[in-house]
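Step one of this worksheet: look at the structure below.
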Amino acid sequence: MLKRFAASLKTSGSGPNKVLSSLVAILLGCAFGGMLLVVIALTVREINFASAWDGIRVVLAGVFNLGRDVNGSGALQFGFNGKLVGDMLFRATPLIMTGLSIAVSYKTGLFNIGAPGQYLAGTAAAIAVGLSVNTEVVPSWIAWLLALLAAMLAGAVWGAIPGIFKAYLNVNEVITSIMTNWIAANMVASVFDGSKFVNKIDYGKTGFTLKLATNGVATAKLGLDKLFPGSSVNAGILLTVLFAVVCWLLMSKSRVGFELRACGSNKNAAKLAGMNEKRNIVLAMAISGALAAAGSALYYLQGDIEFYDKWRDRGLLRTCAGNTINYKDVTAWFLEMAAEYKIVPAWVYYDAWSARYWVEEMKASGFNMIPCIQGAKTLSLPMQNMGADLQAKRIVYNNHPILKWCLTNTGVKTDVNGNIVPVKNQAAKQRIDGMASLLDAYVGLTEKYEEYIRTL
């Protein structure tokens with residue numbers, strides 16, 4: 001009976017059976033994993049059957065695992081976890097897109113193993129375009145669309161290269177796509193290392209998504225963040241479904257799709273039927289590359305950043321009530337820090353712009369306030385010293401994400417006298433306030449160094 005069931009799954013190409021076979025594969029994988037945990041429990045002294053059973057339940061529950069009851073029995077808890085489900089949908093987006101990429105090429109008789117390279121090409125294009133467009137002039141949604149289209153174009157070009165070698169030189173696409181993967185990895189890295197887009201503080205995804213989102217180039221949430229609170233999910237998962245539907249329509253219901261599938265089944269027969277098999281091979285690889293690149297764009301254009309609300313929830317900053325700054329909150333923070341850490345700053349250097357009433361309040365609270373002129377003559381030497389200390393890792397800031405973000409947003413402008421001042425790298429929505437406050441402190445350190453040393 002089991003043999004007949006397996007044979008039916010193997011021989012039938014219907015949609016329901018394909019879904020059923022996938023579910024059977026998942027269940028068999030879970031069963032094998034459970035058996036493995038039981039074997040480990042039998043052979044490892046520190047692990048018992050209770051721990052093994054907890055492990056099996058966690059695997060089966062997946063995103064519905066709420067963790068252990070820390071205030072009670074310590075038993076595992078299960079239920080709907082909006083954050084985990086939302087994060088799962090977000091992380092599924094590039095995986096589905098790259099899987100769709102491979103599926104399209106496979107339907108045409110090609111094995112596109114170059115999806116990683118096409119993904120990287122799309123990553124570079126999306127970041128470059130997303131950070132280049134001035135969203136103070138161009139609407140942010142247009143910048144987002146341009147970044148997505150640029151990524152897909154870059155992926156299509158990178159995918160077409162193995163297709164051209166296959167179509168016109170009969171070079172196996174597996175070999176050429178592996179080669180283009182490595183070329184893309186090294187090329188993208190070298191280009192970004194020498195560009196204005198490189199994040200010298202954080203080379204990971206977070207830094208770029210933060211800069212893109214603060215430039216207004218971010219995928220819309222469409223209310224999904226309310227449905228899955230605290231998660232990274234956005235409309236990218238909906239676009240992924242749309243891409244899948246479009247690909248199905250293209251491959252199953254269009255003349256182009258028919259020709260692609262025909263060339264995949266038998267390119268010689270397709271050629272005799274009047275189809276351009278070379279063009280179709282290149283087109284299939286280009287479509288496959290565009291889909292993989294779209295997955296990378298949707299991943300980097302996520303719009304879920306560790307921004308003000310999330311930074312506040314992590315205790316990394318304070319926010320004022322309403323939409324304006326209440327300087328009394330700033331003074332209260334200074335007083336709280338002084339009371340908690342038993343440290344009172346000898347001098348507080350500040351940007352004098354619109355700071356009159358706050359400064360008076362700070363002086364009344366006992367702080368020694370000194371204005372810091374925001375000009376090249378004042379800032380140049382302290383900025384050079386600060387840059388040297390950052391490079392030498394003499395400034396300990398505990399990898400603080402806000403300061404990292406501000407530092408990556410900071411550029412350098414040199415005047416005719418060779419003096420330097422900080423400027424914003426991209427759009428005005430970027431912030432350098434954390435860097436500016438650190439620089440004001442360096443101005444104070446430069447001016448009061450001898451006096452500071454004597455107080456130690």
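The values are calculated or read from the model by the stated rules, or taken from the named source; none is laboratory data. Small disclaimer: the values here were computed from a predicted structure and weren't measured. With ideal geometry, Cβ positions are generated from the backbone for all residues, glycine too; neighbour counts draw on all protein chains shown.
If you check Trp141, Trp182, which single one turns out to be surrounded by fewer than 23 Cβ atoms within 10 Å (Cβ to Cβ), outside any loop (DSSP other than H, G, I, E, B), in the same structural domain as Met285 (by TED's automatic domain parsing) and modelled with pLDDT under 90? Testing whether each residue is surrounded by fewer than 23 Cβ atoms within 10 Å (Cβ to Cβ), outside any loop (DSSP other than H, G, I, E, B), in the same structural domain as Met285 (by TED's automatic domain parsing) and modelled with pLDDT under 90 leaves just Trp141.
Against the test of being at pLDDT 85 or above and touching a Phe, Trp or Tyr at 6+ places or on another chain (Cβ under 7 Å), the options Val241, Val233, Val246 yield a single qualifying residue, Val233.
Residue-wise test of (1) free of Cβ contacts under 8 Å to residues at least 12 places away in the same chain; (2) assigned by TED's automatic domain parsing to the domain that holds Ala185; (3) within 23 Å of Val246 (Cα to Cα).
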| position | (1), (2), (3) |
| --- | --- |
| Leu272 | yes, yes, no |
| Met275 | no, yes, yes |
| Arg279 | no, yes, yes |
| Met285 | no, yes, yes |
| Ala293 | no, yes, yes |
| Glu340 | yes, no, no |
| Ile343 | yes, no, no |
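Among the candidates Ala160, Ala128, Ala151, Ala167, the residue that is in the same structural domain as Gly289 (by TED's automatic domain parsing) and surrounded by 24 or more Cβ atoms within 10 Å (Cβ to Cβ) is uniquely Ala151.
Can you pull out the strands (runs of 3 or more DSSP E) entirely within the stretch 367-456 that have at least 1 residues that are of a type outside the set (A, V, I, L, M, F, W, C) and more than 29 Å from Val344 (Cβ to Cβ)?
Numbers: elements: 369-371, 410-414, 420-424.
In the stretch 367-456, 410-414, 420-424 are the strands (runs of 3 or more DSSP E) which contain 1 or more residues that are of a type outside the set (A, V, I, L, M, F, W, C) and more than 29 Å from Val344 (Cβ to Cβ).
For the stretch 214-242: of the residues being within 14 Å of the chain's Cα centre (by Cα) and under 26 Å from Val138 (Cα atoms), which is surrounded by the most Cβ atoms within 10 Å (Cβ to Cβ)? If we take residues in the stretch 214-242 being within 14 Å of the chain's Cα centre (by Cα) and under 26 Å from Val138 (Cα atoms), then Val217 is surrounded by the most Cβ atoms within 10 Å (Cβ to Cβ).
Which of the residues that make up the stretch 314-347 are in a loop (DSSP other than H, G, I, E, B) and not hydrophobic (A, V, I, L, M, F, W, C)?
First, the residues of the stretch 314-347 that are in a loop (DSSP other than H, G, I, E, B): 314-326, 342-347.
Passing the criteria: Arg314, Gly315, Arg318, Thr319, Gly322, Asn323, Thr324, Asn326, Lys342, Pro345.
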